[in-house]
Amino acid sequence: MRVDRMSRMMVVLIAVLVVLVGGTIFLSSHAHEKQPVRVEKAVSLANLQG
């Protein structure tokens, strides 16, 4: 009975590890950098003096 429980735990542990590693690889392959967008904003002189 103990061997059956240990083998079941090993299967669950391996399945969780495979899902975590697969998810990590999937997310890392879908990371795309975007070019920064320049935003110009008017600033009043009152904000610069204080």
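The values are calculated or read from the model by the stated rules, or taken from the named source; none is laboratory data. Quick caveat, the model's predicted, so the values are computed rather than measured. Surface accessibility is based on the protein's heavy atoms, side chains included, excluding ligands, DNA and RNA. Shrake-Rupley method; radii C 1.70, N 1.55, O 1.52, S 1.80 Å.
So the values come out like this:
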{"read-out": "Residue list for the range 31-50, filter: modelled with pLDDT of 75 or more and polar (S, T, N, Q)", "value": "35, 44"}
{"read-out": "Any hit, the range 7-30, residues being open to solvent by 100 Å² or more (accessible area, probe 1.4 Å), assigned to a loop (DSSP other than H, G, I, E, B) and modelled with pLDDT of 75 or more", "value": "yes"}
